[in-house]
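Here's the structure, in structure tokens; my notes come after.
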Amino acid sequence: MVYDGKPSKGCGNCRARKIRCDQARPTCWECTRTNRECAGYRDELSLMFRDQTELVTRKARSTNSSSAASTSSSSARQPTSAFPIQSSTCSVTGSSVSFDEPIFDYGVDPELQFYVHQARQQSPLATNPDMGVSKQEAICFFLQSHAIAGNFLITDTLTNFLMESGGSLGQQAIQSSIVAVASALLARVRGAAVLRQAARQEYGTALQLVNRALADANEAKTNQMLAAVVLLALYEIVTSRAPQGIEGWTNHICGAAALLQHRGATQWRSEVGIRLFLHLRYQIIISCLQRDVLVPTSLLDCAILDIIPEIKNALGNKLIVIIGNLSNLRANIQSKTITNSQDILTTACAIEADLLSWLAALPPDFTYSTHTLMPLDRSFEHRCHGIRPFNNEYHIYPDIWSPNCWNHYRCTRILVSELILQQVHKISNTSPAVLSEDFRLYCKSLRSTTRRLGADICRSAPFHLGACNSEVLPDTPILSSESYLGGLMLLWPLYVAGMVEGPNHPQRKWVIQCLKMIGNTWGLAQALAEMDLLAVDPGMFHSAELYGEAADVETGSSAVLPFSIYHVPYYKLPSLKEYRQIQASSA
């Protein structure tokens with residue numbers, strides 16, 4: 001394939017008329033205004049490459065028909081590579097189709113190696129008509145999603161890892177992990193069965209390489225190994241729809257936590273190592289919060305961060321420490337390390353006070369604005385992949401990362417408010433005199449606070465999904481509507497926002513619709529797993545026994561579960577009959 005440059009994104013009519021197209025779907029504004037039938041849009045990624053298979057084949061045959069001396073002379077002038085080309089065979093279950101293709105070598109020009117190899121074989125290019133897309137195109141799709149200003153995963157890490165050829169087991173592991181995730185993403189988006197099979201094979205190869213590398217104590221400490229485990233966790237998010245598939249992501253995150261501890265001080269020797277640590281620290285603490293387990297002490301007591309002022313004082317770093325404290329409290333409650341309701345309430349109120357202090361210390365440039373969408377504005381809905389803002393309201397943030405930080409604050413505030421309401425109800429039944437009247441009034445407002453925070457999460461979704469494009473916000477760094485990162489950032493916040501309300505509430509239905517779009521548009525199967533759970537869960541506040549007056553009033557709920565998954569310890573879910581039924585239906 002030959003790169004042809006970036007093609008026009010406009011529809012057929014606008015390209016023919018040579019005018020600007022707003023790229024709205026299914027019909028652009030110019031076609032709507034002039035009452036023309038919109039011809040639709042081309043596949044931009046496919047147009048960026050020109051298929052020269054026939055040309056190369058003709059050249060190969062021409063070389064074969066020339067004289068021996070000419071052939072020898074010609075072959076002497078052929079470009080050579082410092083790295084041998086290997087071949088891999090991909091077979092499809094239930095089909096006799098198989099094909100040979102070169103393994104993508106990241107240290108040299110893959111296009112040159114590919115065609116020289118085919119010419120030397122003096123045979124036509126072996127193709128699979130069902131393939132549709134190649135691994136190279138999948139990698140381009142993956143890298144395009146990460147091409148964001150300030151995202152070190154593309155500028156400092158992924159590119160370097162891809163361009164280094166051969167090398168250690170860790171280097172090979174991360175290359176296989178990148179190909180596995182990229183192929184799985186594009187296979188789900190395009191519905192390419194063969195590419196999906198190739199992704200599974202590459203994932204298996206990456207697992208083998210990781211296991212072999214872990215046997216070497218020095219290799220296990222490299223940045224490549226840590227990044228490979230991060231990508232393997234991402235692969236589980238992309239491919240696992242059944243609820244038990246979330247456990248695969250958890251296992252990789254736990255493995256990453258063990259690697260962080262094993263790496264010790266070596267991870268502070270490079271900027272990439274520090275950034276990988278911060279990224280994984282965030283992922284691990286969120287995972288601990290979701291599973292009600294203790295956060296490793298080494299992740300909360302990071303004295304090394306004190307010597308890096310820009311990290312120590314960062315808003316995200318302060319927030320993640322508060323989230324870690326909440327996770328530890330919930331873990332101690334589950335393990336019955338803390339059983340006294342007053343002690344639990346005191347600790348929960350202290351965490352809430354820390355969250356309010358964090359909120360009060362936010363700089364002015366970290367705030368967002370709320371906007372109302374006009375009823376007839378359909379272009380916004382098209383940019384948002386068919387999703388209209390919840391209650392026609394949406395937020396605009398100063399940059400890409402601030403809405404993610406805001407949403408984790410909202411999720412944490414919702415969870416700690418739920419904990420306070422539960423403990424207040426217990427104390428009210430046993431020792432009502434302990435609670436002051438002012439505190440009782442405050443607790444009554446907490447349920448309204450959780451509703452507002454859940455709605456704010458929904459209002460942040462359009463910005464994550466790329467609805468506010470560069471023409472609307474020319475001076476604001478935003479995510480492309482083609483980038484899956486926005487959907488990835490929304491998985492946990494949307495799940496919490498959906499659990500805040502009952503199954504028949506408009507907010508729950510909107511969240512389910514949004515998760516369905518994320519799962520189908522960007523290929524994140526875990527979004528569909530969350531959708532399946534929300535479709536049958538009665539909600540976080542459904543139990544009057546736990547919350548008293550703060551509980552939701554049942555209004556003909558269609559939930560099939562007699563309990564909320566939110567209240568069941570993570571490790572007990574697989575043994576529940578109702579949970580296994582959800583697994584069977586979503587498998």
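The values are calculated or read from the model by the stated rules, or taken from the named source; none is laboratory data. For clarity, every value in this text was computed on a predicted model and none was experimentally measured. Cβ: placed from backbone, ideal geometry, glycine included. Neighbour counts: every protein chain shown. SASA here: full protein model, heavy atoms, side chains in, ligands and nucleic acids out. Shrake-Rupley method; radii C 1.70, N 1.55, O 1.52, S 1.80 Å.
Remarks
- Unmet criterion (only one of (1) basic (Lys, Arg); (2) within 15 Å of PHE541 (Cα to Cα); (3) in contact (Cβ under 8 Å) with a residue 24 or more places away in the chain; (4) open to solvent by 40 Å² or more (accessible area, probe 1.4 Å)) for ARG452: (3)
- Just one of the listed residues (ASP399, ASP365, ASP354) is over 16 Å from ARG459 (Cβ atoms), charged (D, E, K, R) and in a loop (DSSP other than H, G, I, E, B), and it is ASP399.
- Extreme residue, modelled with the lowest pLDDT, among residues of segment 261-314 that are of a type in the set (Lys, Arg) and in a helix (DSSP H, G or I): LYS312
- Qualifying residue in segment 543-553 (condition: touching a Gly at 6+ places or on another chain (Cβ under 7 Å), closer than 20 Å to LEU446 by Cβ and either open to solvent by 10 Å² or more (accessible area, probe 1.4 Å) or modelled with pLDDT of 80 or more (or both)): yes
- Residue in segment 231-249 that is of a type in the set (Val, Ile, Thr), at pLDDT below 80 and outside the structural domain of ILE518 (by the TED database) present: yes
- Residue match in segment 402-414 (condition: in the same structural domain as ASN520 (by the TED database), open to solvent by 30 Å² or more (accessible area, probe 1.4 Å) and β-branched (Val, Ile, Thr)): no
- Checking each residue in segment 184-206 for being in contact (Cβ under 8 Å) with a residue 24 or more places away in the chain and not in a helix (DSSP H, G or I) picks out only ALA192.
- Note on segment 521-542: residues that are without any contact (Cβ under 8 Å) to a residue 60 or more places away in the chain and either more than 21 Å from PHE563 (Cβ to Cβ) or under 17 Å from the mean Cα position of the chain (by Cα) (or both) amount to 3.
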